[in-house]
Structure formats: structure tokens, C-alpha cells
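Here is the structure we will look at.
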Amino acid sequence: MRASKFEFEQRFWVIGALIFIAFSLGSVDHVNFAVGLLHWVAPTIDPNSARGNFWLRVIFASGALLIFLSALLRTWATSYLRTEVVHDVSQHSEALVADGPYRYVRNPLYLANLPMMAGIGVMASRLGWLFMVVSMWVFVYRLIFREEDGLRQTQGESYSAYLKAVPRFWPSLTPRVPSGGGQPRWGQAIAGEMIFWLFGVAVLCFAISLNIKLTGVVFAASFAFYFLVVVPLVKKRRTATPS
């Protein structure tokens, strides 16, 4: 059930492939998720009317909000875990982080991927949205199982105690462990997670303009930022930071 070493190392591309497949399902289901949701909630509203247009914009804006919340949680988690760890292809099990969001849930980064996919999915078809959310849920659980195995082997009893105290995926409303004294490093976290903030901007642009070309430009800028800024930053910090 756990992810393979290849899947973990190539998780960025696996997630990209899931998104690609989800949007490709528009060739099977021709109804956009937002249009389908509007018809389900308010079947009397014509999506092509001014009123329908308004509510479609609200649905797309709600998708952007989900992405922004995801980006916020990922940024918070990365501020404690470090960008060079979060975006490294290698698995890191040499240290246990129990600060920030890690006091409430063991896997805040993977948890954040679900609202992110749900938010991006409003741009896809109904079937595409369902595939995006379900496939991401399955994939992150497989990644979690792999990381847990590695941490059990390296952290021993301290990780066993952490497992018992902190929920794996659905967060506690209150901290479950004392702070470890770690301090957030927001600058590197914001830079590392900027791609997800820009995803939210892209969907918000569509909610405001309904211009798919403008949205495509922002999505393209997101990936350009990731490969031109984040990837070199990760390599630089990984080289400068001792293991």
C-alpha cells in the first residue's frame, strides 16, 4: 500500500500526471464541475444568464479560496520543516519536527493537497474533479505510509510516542504535543510554496474574468517560478545545509 521509492522521488510529476488525467476526462464528461454543481444546487438557474454567471464566479472564487487555504497551511508547515526538505526528491527521516502545525496533525503538507486539488478541480469536469480529489487522497496516504516506515526506523520510541499523540491526517483542534522550540522561517517557506499561491491567483483570475487565456498565463507563470526559482533554491539550500 505504501508508495515506492520511485513514486516518492517523482511525486511532483505524479501529482502533475493526476491533474493532467483529471482535465483529460473532460473528453468523457463535457460538463464543467462548477456548472454541474450549480445545476445540482439550483436547477432553475440558467448558467448562461446573468444570475447564473454570478454564481459560477462564486463557485470558481470558492475554488481559489480552497487553494489559498492550502497554500497557507503548506507555507506554515514548510516554515518549520524547511523548503529544501519539502521539495527534495529524497526522503528525509533523520529528524522529527513537532512544532507549528505538526503539533495538531502529523502530515499537514499532505493534508493541504486535498483542498488544493478540490480548488483546482473546479476548472475541470465533474468526473475530473472527482478523479482529482480521490486520486490525490489515495496517493498522499501511500506517501504517508512510506514516510512513517522511515521515521519508525530512524526515530524509534520518540516517533512511536508522537504517533500515539498526534492524528495522522485529520487535525486536532488543540495541540497534542508540547512545542519543540523550533522557530518558523517564513521567507524560505513563502518562496518554496509560491507555486501554490499562484495556482490560487490563477483560479481567482478566472473567477473574475472568465478568461481562460489569462488563467493559462498565470498557471504557466506558476510553473516557471517553480523551476526557475524554487528548484535552484532547494539545490542551493541543500548544499549549504548539513544533513
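The values are calculated or read from the model by the stated rules, or taken from the named source; none is laboratory data. Everything quoted here is computed from the prediction, not taken from an experiment. Because the Cβ atoms are built from the backbone with ideal geometry, glycine has one as well, and the counts that use them run over all protein chains shown. These accessible areas exclude ligands, DNA and RNA; they are computed on the full protein's heavy atoms, side chains included. Shrake-Rupley method; radii C 1.70, N 1.55, O 1.52, S 1.80 Å.
Data table
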{"quantity": "Flag for THR154 being exposed (fewer than 15 other Cβ atoms within 10 Å of the Cβ) and part of a loop (DSSP other than H, G, I, E, B)", "calculated": "no"}
{"quantity": "Positions within segment 159-191 being assigned to a helix (DSSP H, G or I) and over 18 Å from TYR104 (Cβ atoms), in sequence order", "calculated": "SER160, TRP186, GLY187, GLN188, ILE190, ALA191"}
{"quantity": "Subset of segment 157-175 (residues that are open to solvent by less than 50 Å² (accessible area, probe 1.4 Å) and among the polar types (S, T, N, Q))", "calculated": "SER160, SER172"}
{"quantity": "Number of the condition not met by TYR80 [criteria: (1) more than 22 Å from ARG176 (Cβ to Cβ); (2) open to solvent by 40 Å² or more (accessible area, probe 1.4 Å); (3) of a type outside the set (Gly, Ala, Ser); (4) in contact with a Gly (Cβ under 8 Å, 6 or more places away or on another chain)]", "calculated": "(1)"}
{"quantity": "Where ASP99 falls short, out of the listed (1) within 16 Å of the chain's Cα centre (by Cα); (2) surrounded by 19 or more Cβ atoms within 10 Å (Cβ to Cβ)", "calculated": "(1)"}
{"quantity": "Which numbered condition VAL31 fails, given (1) touching a strand residue (DSSP E or B) at 6+ places or on another chain (Cβ under 7 Å); (2) open to solvent by 90 Å² or more (accessible area, probe 1.4 Å)", "calculated": "(2)"}
